[in-house]
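The values are calculated or read from the model by the stated rules, or taken from the named source; none is laboratory data. As the structure is a prediction and not an experimental result, all values here were calculated from the model. Here the Cβ positions follow ideal geometry from the backbone for every residue, glycine too, while neighbour counts run over all protein chains shown.
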């Protein structure tokens, strides 16, 4: 079996063909004076796509900088300007790239925003960080103040007042976008975008479900790069095309019994973010016979959208996002993953500058163990700041954890 | 001054008033964010008390919460695990910030306090935010009525507003005593007065403040006048820091804390309409904390206080790991410096561990600023 090519064809060249290109296109759009907006995750990007605004994702950019091994240097630039080392490393890295605009930055840096949009749903940091950027660039900033989802277990169980508040802000958002772009809101265009986004979600869900198979046909490394489309450009034909191709390839692999690891002995769930600066850690796990078969991150961005009810369905898609919900939502997602994906261990990485990802992992660990007898590993790391935890130490923790699963 | 003693006594036994209230058959509801509409709790007949942390280690909480979580929230949760709040009939938290939201999950899963409630707090004060928040306050009121088995009438809400507005008015008068040169109250004394009001019935607090105001002008034991300083930060639930500053030659004449000036600056503006609406409006429109979108308003408040109280310098004391304040800090610092004010920037654990080095830094700052004058 060792001669089998275990790399996926659909995802090879992903970065070069799509991510890198998205930055080139954003710079080009900026040069052509098309509206460019900075956007935070959990913001309903479909609204920008429907208004022909070019979305730029600072969070994605931070992960790019981490993968290129320059994130710490950029974080330090922000720290020198007075931003605490205990703040979110994404925000420090991106602010560092703004302060260090004269440096040679990956992908030429982020294009300057004409305006910025963010939610308060994933974290306070989004709003505060974008507020800083808005001040630096003197660019308008729209905050979609997202009510925290308290106990709503899925899109069908969201508090009515939350939906109403969200919807009323979507109306305010379109008025804002009309002012910023000089373009009229077109409900047919929004409907088209929502239909594509809905399709993207369905394909992404199919892709994830294929990973239930033993051996698992797709690794976390591929998932964390492929989720780019679900997250950043869900309402686009490109997303639909690439996911169709990926799904078909995975179906083939399942049929042929080709898995990620040569000898799959442990199936893991991975919570939160990866170590963007060290995605090779997943290969390290593979070599120990462990495969991350599901990331919570891959199971939180989908949502069905109905072009007939655009506002309400956007509210129902984004409000129950795990990042915007009390802990039982995260626990439920992981419980389901452990059961449905035949999982025997859960990795719970915290993220130094992120309270949302760090506080509550004990509850996840305790509940999963109590209900399913499956062990979890809480490991203190950071997605982009490698000063928090050394590689040797992280590897050691993983190896030890796997041994306990062995017993 | 004799009139200070009751405040001091209550603060040093901060659970005493609540326990007494409880022994007389009353309900006690704990809150921990100053965005909690306390008036609604008061109107239910229950005693609202602020859940605070305590200085020192947080060993019990550390077993559940990571070291990068808000050290104030961790300290409060630690106190809960120690059973310090076993008298609470209910605990109310607000979604004001990530640390609060997430620590609430901790209370739900690991504390023994019955009846926990999380109020959804907007992060802005647009008209749609006001409408949403009002709905949340109505829901909170209904929840309280249910768990406390009491009715909250319009009249009781109006009475609560009157008591709380009087409390804020008295606090403002007392706060202004530090404007005088030399100040009629030290920062420590002021804080003892303000903080004790968070853990005792407001009506009694009002009586004590009135008594103090009638005595203070003729006090014989005037506080020593030091370098006039302002402290800026998130929350302060004890007097240690201010006591430390005042022990090395400073006098804290103004503050930018949610439990300090931001607590009483704005009244509920009671018109003829729905008192609940007036209460809800007050909380969204008050001098904002850093989690609110309108941060320039807080900066303005800080700048005005600095001028009005004629401060010589500012100590920015940020409790780790408060994201929203940390994001604002570089700009607030720059604005203060642009006003010609020296600034000492500190990020510290709520527990005040490393007290000796904290003292050294503050001492050096006071000497440096004092020397320049």
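Number of residues in the stretch B:176-210 that are in contact (Cβ under 8 Å) with a residue 60 or more places away in the chain, farther than 30 Å from residue B:87 by Cβ and either part of a helix (DSSP H, G or I) or within 17 Å of the chain's Cα centre (by Cα) (or both) equals 1. Just for the stretch A:97-124: of the residues that are in a helix (DSSP H, G or I) and over 21 Å from the mean Cα position of the chain (by Cα), which one is farthest from residue B:291 (Cα to Cα)? Selected residue: A:108. Among the listed residues A:164, A:172, A:178, which satisfies the condition of being within 14 Å of chain B (Cβ to nearest Cβ), surrounded by fewer than 17 Cβ atoms within 10 Å (Cβ to Cβ), at pLDDT 95 or above and part of a helix (DSSP H, G or I)? Result of the check over A:164, A:172, A:178: A:172.
Looking only at the stretch B:329-342, count how many residues are crowded, with 22+ Cβ neighbours inside 10 Å, within 8 Å of chain A (Cβ to nearest Cβ) and in contact with a helix residue (DSSP H, G or I) (Cβ under 8 Å, 6 or more places away or on another chain).
Residues meeting the conditions: 0.
Every residue, every condition in (1) surrounded by fewer than 21 Cβ atoms within 10 Å (Cβ to Cβ); (2) touching a strand residue (DSSP E or B) at 6+ places or on another chain (Cβ under 6 Å), yes or no:
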| site | (1), (2) |
| --- | --- |
| B:2 | yes, no |
| B:9 | yes, no |
| B:29 | no, yes |
| B:35 | no, yes |
| B:45 | yes, no |
| B:60 | yes, no |
| B:75 | no, no |
| B:90 | no, yes |
| B:93 | no, yes |
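Checking B:316, B:368, B:352 one by one, the residue that is within 12 Å of another protein chain (Cβ to nearest Cβ) and either in contact (Cβ under 8 Å) with a residue 12 or more places away in the chain or assigned to a helix (DSSP H, G or I) (or both) is B:316 and no other.
Annotation: of all residues in the stretch A:122-154 being modelled with pLDDT under 95 and more than 10 Å from chain B (Cβ to nearest Cβ), the one that is surrounded by the most Cβ atoms within 10 Å (Cβ to Cβ) is A:152. Among the residues of the stretch B:271-298, those that are within 14 Å of chain A (Cβ to nearest Cβ) and farther than 28 Å from residue A:352 by Cβ comprise B:280, B:284, B:294, B:296, B:297.
Scanning the stretch B:95-117 for residues that are part of a helix (DSSP H, G or I) and touching a residue at least 60 places away in the same chain (Cβ under 8 Å) turns up B:98, B:99, B:100.
Only residues that are surrounded by 18 or more Cβ atoms within 10 Å (Cβ to Cβ) and either over 25 Å from the mean Cα position of the chain (by Cα) or at pLDDT 95 or above (or both) were counted in the stretch B:351-360, giving 1.
All of (1) over 30 Å from residue B:164 (Cα atoms); (2) part of a loop (DSSP other than H, G, I, E, B); (3) within 10 Å of chain A (Cβ to nearest Cβ) hold for residue B:56 with one exception: (3). Residue under question is residue B:161, and the condition is that it be within 14 Å of another protein chain (Cβ to nearest Cβ), within 22 Å of residue B:122 (Cβ to Cβ), part of a helix (DSSP H, G or I) and modelled with pLDDT of 95 or more; does it hold? Answer is no for this residue. Selection of the stretch A:187-205 for residues being closer than 13 Å to residue A:299 by Cβ and surrounded by fewer than 24 Cβ atoms within 10 Å (Cβ to Cβ) yields A:201, A:205. Just checking, does the stretch B:82-94 include any residue being facing chain A (nearest Cβ under 8 Å) and either within 27 Å of residue B:321 (Cβ to Cβ) or part of a helix (DSSP H, G or I) (or both)? No, there is no match, as no residue in the stretch B:82-94 is facing chain A (nearest Cβ under 8 Å) and either within 27 Å of residue B:321 (Cβ to Cβ) or part of a helix (DSSP H, G or I) (or both). If you check B:18, B:80 for being closer than 18 Å to residue B:148 by Cβ and in contact with a strand residue (DSSP E or B) (Cβ under 9 Å, 6 or more places away or on another chain), only one passes: B:18. Would you be able to tell me the number of residues in the stretch B:59-81 that are away from chain A (no Cβ under 12 Å), without any contact (Cβ under 8 Å) to a residue 40 or more places away in the chain and under 20 Å from residue B:198 (Cβ atoms)? Going through the stretch B:59-81 one residue at a time, the tally reaches 3. Restricting the stretch B:319-328 to residues that are more than 7 Å from chain A (Cβ to nearest Cβ) and not in a helix (DSSP H, G or I), the residue that is nearest to residue A:125 (Cα to Cα) is B:322.
When we screen A:279, A:231 for residues that are more than 26 Å from residue A:305 (Cα to Cα), in contact (Cβ under 8 Å) with a residue 40 or more places away in the chain and within 17 Å of the chain's Cα centre (by Cα), the only hit is A:279.
Among helices (runs of 4 or more DSSP H) lying entirely in the stretch A:1-95, which contain 2 or more residues that are away from every other protein chain (no Cβ under 14 Å) and within 24 Å of residue A:201 (Cα to Cα)?
A:20-31, A:46-50, A:58-67
In this entry, residue B:306 passes the filter for residues that are more than 14 Å from every other protein chain (Cβ to nearest Cβ), part of a helix (DSSP H, G or I) and in contact (Cβ under 8 Å) with a residue 24 or more places away in the chain. Among the residues of the stretch A:362-401, those that are out of contact with any strand residue (DSSP E or B) (no Cβ under 6 Å at 6 or more places or on another chain), closer than 21 Å to residue A:221 by Cβ and in a helix (DSSP H, G or I) comprise A:391, A:392, A:393, A:394, A:395, A:396, A:398, A:399. Checked against (1) closer than 26 Å to residue B:296 by Cα; (2) touching a residue at least 40 places away in the same chain (Cβ under 8 Å); (3) facing another protein chain (nearest Cβ under 10 Å); (4) out of contact with any strand residue (DSSP E or B) (no Cβ under 9 Å at 6 or more places or on another chain), residue B:168 meets all criteria but (3). When the stretch B:118-146 is filtered for residues that are in a helix (DSSP H, G or I), more than 8 Å from chain A (Cβ to nearest Cβ) and either in contact with a helix residue (DSSP H, G or I) (Cβ under 7 Å, 6 or more places away or on another chain) or buried (at least 18 other Cβ atoms within 10 Å of the Cβ) (or both), the ones remaining, listed by number, are B:130, B:133, B:134, B:137, B:138, B:140, B:141, B:144.
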